[in-house]
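Down below is the structure, laid out as structure tokens.
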Amino acid sequence: MKKKSIILLVVFILIVTGCNSRKNNTENNEAAMTEKTVTKETEKTETKEESNTNYEENIGENAEENMVTDNEKKEDAFENPDVFNNNEQSETKAGESEVTDIGGETKSTDIINKPISEDNIEKAKSTDKPKSTDKPKSTEKPKSTDKPKSTEKPKSTEKPKSTEKPNSSHNIGEQGGTNQPIDWSIDEKRLSYSGYELKWKEDFDGSALNAADWNFETHEKGWVNNELQEYVVSDNNVYVENGKLVIKAVKTLDGEGNASYTSGRINTLGKHEFTYGLFEVRAKVPSGKGFLPAFWMMPANENLYGQWPRCGEIDIMEVLGNQTETVYGTIHYGNPHRESQGTYKLIQESFFNKYHTFSCEWEPGKISWYVDGILYHTESDWFSRTVGQGEITYPAPFDQPFYMILNLAVGGNWPGNPDENTDFNQAEFSIDGIRVYQKDSYNENVQKPEQQVVLRKPDVNGNYINNADFENIENLSDEKNWRFMTALGGQATAQINNQAIEIMTTNEGNADYSVQLVQADVPMEKGASYELSFDAYASADRSMKTCITAPNYGYSRYFSDTTLDLTTVKKTYTYSFKMKDNSDPNGRLEFNLGAAGSKADVWISNVKVIKVKEADPNENEPKTILADGNYVYNGGFQEGTDRLGYWEIENKCNADISVTSINTDRRLKVSVYEDGTNNSVIVGESELALSASGKYSLSFDAQSDSAKEMTVIVAGQEFKIQLSEENQSYNFKFATPAELTGTNLEFYMGMKGTTYLDNVRIVEDTLIRNGNFSAGFTGYEIYKDSSADATYVVDSLTEDNAADFTIRNTGDQDWKIQLKQSNIELRNGQWYKLTFKAKASLDRKIRVIMQGTESKNWAVYSGENTVSLTNEYQTFEKVFQMKAETDPEAFLSVCFGKVDNQITELHRVCIDNIFLEEVVEPESGTNETVIGENILKNGDFSKGEENWIQAITSPGAASVAFEDNKAAYNITNVGTQDWNVQLKQEGIALEKGKTYKITFKALSTEARTIKCAMLSSTYKWYGGGDIILEGSKEKDIEIVFTMNEDTDTATTMVVSMGKIDGEDTLTSSIELYSFALVKTN
């Protein structure tokens, strides 16, 4: 007994000693030295490409733990989240950590024994669509030679007019609004797994990636963000080894030393999709300039709320290869684009040399980000909205299924390109494992956080501008009162003197905000009317812009960009506007002097922003036509409280009325339990913006649990429909009388049983709505890139309600200034005629086309349609057949940007009477192509440029001359793609089954390759080839091909002279001449 007691005593002592030792180790391990920074940015110049994370474990410090196998260690870590998070803590040391607030102030605090927490989620970028609107996806021929001049609005919004960091909505560097360090003992700062159940895990235990769980993505170089890698399916780039997934970037040099890059990108679309949950990856990232690994999420149905950024994106982790101590967690959302971003920075470690756990907790109305269980960012304030339409009910867009993405990008706008120190031998993104947890249920009945808006009072004179008369000399580089800034090549100085500010420019830069004077914190109250006034003059005649923007809301405009002409005589400028957006304490007055074509000095004084009319809380803005042409607000039942915003409901029978939310299928549901009449339940909208003597089309989807009749009344006209158990679409055409007495819409839904209603639309009974601009720009969207300079108005004074664009700089792409109308249905096989009239104050070209959206690869359905304008109105006509599948979301695109040449001379373009109508197939007459006859027009250039298009797309640069029966290109920049420099001819008819021969001559001053191709309007490759030219040696080219597709009367021939993939393409002068295209059988 005594011997046993001694043994038990020794065991007890050992156990106690071991426990204390483990406790001390754990405490020290939890005191990881980290810096947590939270930022919330409203704008980013470019969206970032995400990539994967790698995962390696080092569990335990003692010999027994070190003896277990890798797989056993992994299982322990993942199945026990506390162990999972504690593993990395053993690799860091207790000590001092920095907590940096968004203002840049650094506070040091001892955070020994702080608890571990983990929570991380973020919005991800689109995976199946290019972020750029200019580059088509690969056609039948992988190396397509034509580039669509896509007219869709780019995904990134205009660059913020300031480089200061916007305020974050959640600053973990402060607690309770004070400057005290965070109390890390608070449970809210720790990641809790309470209530979570493991739903899916990936340990990469096999010998290869499991195809049942993962999809490979393939994308060509430059697909997004000017990145250098091509995403491929290759064991060299994506492989499983030792229980780890490795995504590796590979650099290859050709015989001339030119580098190319491949990498990997995988996702779980269609295989593992989740709405809400806790998402974790344990990974290690590569180190080196140009690397960008990411673990992120995108919605499975990007069209539910609209394309990016409206659909939402969650970036769980991103780490720049040249800043491997910092991880970024971000969500993207809204329209205009907004984001919320947090960062977590290690002090003495990096995410390169050790594995770490990156977590994202996504709940209804709250998304949080963690590193190794430590919370570093939380966001609850977001929205999904389309400009000109309503805001989707919160928590959209983060209330739908998302899938996961892992990738490793190389180069591009954000990480920059690799340099001589980038080591591709270590370019591995190593992922040890992934976990997805969910709770049993989630309460989606959450409310969007209400921002308490406090608007400061004006001065005694009612002026909201501080130091308005420049009486006080102040520091113009801080954020108090006036601030002067330069960007994008702008070089200028400013000084306050004699109660005015003088701005002296030495380089006007590349954008209007390259030289900029601003004052922020200007309060703007919703519904109030304001007057902006100031005095200004210049040392020489020049222009300047002014506006009032929303820095916290994507720099949208409260007072739109307004260009004013300055003279050498001081003048007072006065403008009035009404604040239509929600109240904002941080409006920003801007004076933008960059890229104005002048460096003349400017003086500004006596600046005032005065409220001239108080907001009326009872005032309701009259309804209008929404941007998509619909007169019905919230026709899809996704907006407002309970998703019933704008709908007026009369319920006389205690019916249950709600909007369904099953798998994001949202419809109005009316359940009536008593026998009654149709008018027992009336659902409708009043005072729609219908016009007298108008022609309209009413459409909706409806369904019932049994056959019954439903009555619909619109503008006093009654329609009766028969409902069934099948969901059906209904469409009625109606005309309003000359004397309009009512514009209400009512659905009588009081029949016993359950009835569903959705997709309610009233639109003009025309393909293009408001084509004569009698309703202003209603139904249209207007895009102006920050690099372009234009203002616009519907001119009813000097024109008959024409769209009038005053342009100072077209920008370097046609879509940089764009008028657009969406949701125009084009039916497969149908012929259409597009007509419009247009003029310009100087001779120039514009591009007017019918086009598919990004999901349709920006297909040009109408065929190219570039027209030459003069100072007199001309009527233009384009007849085309819809060759593609029926597209209900096609759009009209009118491009006023660079077409052929960038124009920086002030000019005016007017367009009016835009109509699209269905027509019968044109008679072919006797125009059948004759064998051996040249199909090309002006193939010998005897008429100069006529029938030909010179297409120079940035960054490509060239001057072009059509003389001496030749097209002469002096190429000074080959760009990054072959289609950056092109010669084209459109409208060529190719017959199915016929063989054709292309011949022409080419002469280049340098040895290089060019390309020739025949392409459809949707960039389908019919025939062509690569042509190798020797320096200063004329070459006769002959290409023979057979048209194997259906007859196409809108084929385009292109000769591409930009950067050729795989070769070091030299700048050169190229002459092209003696073109012929003949049918040979």
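Exactly one residue out of Gly779, Gly863 is in contact with a Leu (Cβ under 9 Å, 6 or more places away or on another chain) and outside any strand (DSSP E or B), and it is Gly779.
Among the residues of the range 793-827, which ones are free of Cβ contacts under 8 Å to residues at least 40 places away in the same chain and under 27 Å from Arg761 (Cβ atoms)?
Across the range 793-827, the qualifying residue is only Val794.
For the range 1023-1044, which positions are buried (at least 17 other Cβ atoms within 10 Å of the Cβ) and either under 32 Å from the mean Cα position of the chain (by Cα) or outside any strand (DSSP E or B) (or both)? Listed by number, the list holds a single entry, Met1043. Considering each residue of the range 742-750 in turn, none proves to be assigned to a strand (DSSP E or B), closer than 30 Å to Val894 by Cβ and modelled with pLDDT of 90 or more. Can you name the residue in the range 473-499 that is within 30 Å of Glu614 (Cα to Cα) and in contact (Cβ under 8 Å) with a residue 24 or more places away in the chain and, of all such residues, is surrounded by the most Cβ atoms within 10 Å (Cβ to Cβ)? For the range 473-499, the residue satisfying everything is Trp482.
Quick one: would you say Ala1002 is touching a residue at least 12 places away in the same chain (Cβ under 8 Å) and under 30 Å from Asn226 (Cα atoms)?
no
Whenever a residue of the range 739-767 is under 29 Å from Ser724 (Cβ atoms) and in contact (Cβ under 8 Å) with a residue 60 or more places away in the chain, its partners that are surrounded by fewer than 16 Cβ atoms within 10 Å (Cβ to Cβ) and of a type in the set (Val, Ile, Thr), lying with C-beta atoms within less than 7 angstrom and at least six residues away or across chains, give the pairs Gly750/Thr677.
Checked against (1) modelled with pLDDT under 95; (2) of a type outside the set (A, V, I, L, M); (3) closer than 30 Å to Ser260 by Cβ, Ser1017 passes all but a single condition, namely (3).
Residues in the range 383-399 that are surrounded by fewer than 21 Cβ atoms within 10 Å (Cβ to Cβ) and either touching a helix residue (DSSP H, G or I) at 6+ places or on another chain (Cβ under 7 Å) or of a type outside the set (Ser, Thr, Tyr) (or both): 7 in all.
Condition test on Val569, is it in contact with a Phe, Trp or Tyr (Cβ under 9 Å, 6 or more places away or on another chain), farther than 21 Å from Pro336 by Cβ and not assigned by TED's automatic domain parsing to the domain that holds Asp812?
yes
For the range 807-849, a residue qualifies if it is crowded, with 17+ Cβ neighbours inside 10 Å, farther than 19 Å from Ala890 by Cα and polar (S, T, N, Q), and the qualifying residues are Asn809, Thr810, Gln813.
Within the range 318-340, being under 16 Å from Tyr555 (Cβ atoms) and part of a strand (DSSP E or B) holds for His332, Tyr333, Arg338, Glu339, Ser340.
In the range 1006-1013, the condition of being surrounded by 19 or more Cβ atoms within 10 Å (Cβ to Cβ) and either of a type in the set (D, E, K, R) or not in a strand (DSSP E or B) (or both) is met by at least one residue. Of all residues in the range 598-639, those that are at pLDDT below 90 and surrounded by fewer than 17 Cβ atoms within 10 Å (Cβ to Cβ) total 8.
Residues that are in a strand (DSSP E or B), hydroxyl-bearing (Ser, Thr, Tyr) and in contact (Cβ under 8 Å) with a residue 40 or more places away in the chain were ranked within the range 539-559; the one that is farthest from Val602 (Cα to Cα) is Ser556. Residues that are charged (D, E, K, R) and free of Cβ contacts under 8 Å to residues at least 40 places away in the same chain number at least 2 in the following strands (runs of 3 or more DSSP E) confined to the range 634-709: 648-651. Just to be sure I understand, how many residues within the range 861-913 are under 18 Å from Ile988 (Cα atoms) and of a type in the set (D, E, K, R)? Qualifying residue count for the region: 4.
If a residue has to be under 22 Å from Ala536 (Cβ atoms) and outside any strand (DSSP E or B) to count, how many in the range 447-476 make the cut?
Within the range 447-476, residues that are under 22 Å from Ala536 (Cβ atoms) and outside any strand (DSSP E or B) number 16.
For the range 209-218, indicate whether the set of residues that are outside any loop (DSSP other than H, G, I, E, B) and among the hydroxyl-bearing types (Ser, Thr, Tyr) is non-empty. The answer is no, given that none of the residues of the range 209-218 is outside any loop (DSSP other than H, G, I, E, B) and among the hydroxyl-bearing types (Ser, Thr, Tyr).
Can you spot a residue in the range 272-280 that is modelled with pLDDT under 95 and either within 19 Å of Trp214 (Cα to Cα) or not in a strand (DSSP E or B) (or both)? Walk me through how you get there before you give the answer.
At the first step, the residues of the range 272-280 found to be modelled with pLDDT under 95 are none.
No, that holds for no residue.
Can you confirm whether the range 1047-1056 contains a residue that is at pLDDT 95 or above, over 23 Å from Arg847 (Cβ atoms), β-branched (Val, Ile, Thr) and surrounded by fewer than 20 Cβ atoms within 10 Å (Cβ to Cβ)? No, the range 1047-1056 contains no residue that is at pLDDT 95 or above, over 23 Å from Arg847 (Cβ atoms), β-branched (Val, Ile, Thr) and surrounded by fewer than 20 Cβ atoms within 10 Å (Cβ to Cβ).
The values are calculated or read from the model by the stated rules, or taken from the named source; none is laboratory data. On a predicted model such as this, the values are computed, not experimentally measured, just so you know. Heads up, the Cβs are rebuilt from the backbone with ideal geometry, glycines too, and the neighbour counts pull from every protein chain shown.
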